[in-house]
Amino acid sequence: MLRALLCALAVLSAPPAAAGEADGTCDTALLLAIDVSNSVDESEYRLQIDGLADALNDPDVSDALVVAQAAVAVLLWSGPREQLAAIPWQQVAEPSDARLLSTRVRALPRPYVRSGTAPAEALLAALDLLAQAPPCGRHVVDVSGDGARNMGGPVARARDDAVAQGVTVNAIAIETVGHGVADFFRDELVTPGGFVMSARGHRDYPRAIREKILRELATPTG
């Protein structure tokens with residue numbers, strides 16, 4: 001009887017586990033959609049890929065992914081018929097999973113060159129991939145890009161599909177002059193409750209993607 005009472009007291013006094021950490025359930029399915037259209041040259045592609053790989057290997061990001069027991073997938077996108085699920089869903093249950101994911105991202109070859117920018121089709125492909133994700137409490141699409149739509153269908157209609165499916169869409173606007181890309185993403189792509197983060201050119205992308213993933217995992221609405 002005394003042993004049972006002590007066990008019960010220990011359970012009651014233990015601090016609550018973070019979301020997803022106690023039972024391995026996934027808090028967030030995070031789909032990272034990266035622009036590889038014609039406006040992105042080879043060095044800029046490497047800045048994006050290496051920046052994402054570094055972010056996933058960052059201790060703060062790794063810890064946040066583990067706490068959320070997040071499931072992560074990577075989509076490379078360009079024109080209307082050019083969307084590649086480059087890395088399928090992987091749940092980050094422990095830091096070694098984040099390190100493996102970082103290694104896989106860094107090794108990704110570029111699938112498309114000299115093609116346009118079709119964010120509507122990219123978002124629709126992302127929604128299709130989310131339908132294959134493991135059961136998670138939240139679905140988030142993280143779109144990065146350095147230009148507005150110049151090919152493909154209406155972006156706002158694809159965004160409305162995301163809203164109807166309960167998916168949050170956030171974006172990184174890689175800006176070179178002014179804030180035109182950020183304004184386009186804010187007006188056409190990002191869902192209510194989502195957010196746009198700006199990178200000051202491709203060299204600033206590594207900082208922006210790290211901060212963006214941490215923000216996406218920290219709050220349910222962005």
extent check for the chain: Cα max minus min per principal axis, descending, whole Å, gives 73, 34, 30
The Cα extents of region 19-86 along the principal axes, largest first and rounded to whole Å, are 44, 26, 12
Expressed as a percent, the accessible surface of the chain that is carbon or sulfur, using a 1.4 Å probe and the full set of protein chains, is 56 percent
Treating every alpha carbon of region 101-206 as one equal point scatterer without solvent, the Debye formula yields log10 I(q)/I(0) values at q = 0.13 Å⁻¹ of -0.50
Within the chain, the percent of DSSP beta bridges that are antiparallel, given to the nearest 5, stands at 20 percent
Here the Cα Rg-to-2.2 N^0.38 Å ratio for region 94-158 is 1.37
Of all C-alpha pairs within region 42-164, those more than 18 angstrom apart amount in percent to 55 percent
Heavy-atom accessible area per residue of the chain, all protein chains kept, 1.4 Å probe, expressed in Å², is 46 Å²
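The values are calculated or read from the model by the stated rules, or taken from the named source; none is laboratory data. What you see is a predicted model, and the numbers here were worked out from it, not measured in a lab. With ligands, DNA and RNA removed, areas are computed over all heavy atoms of the protein, side chains included. Shrake-Rupley method; radii C 1.70, N 1.55, O 1.52, S 1.80 Å.
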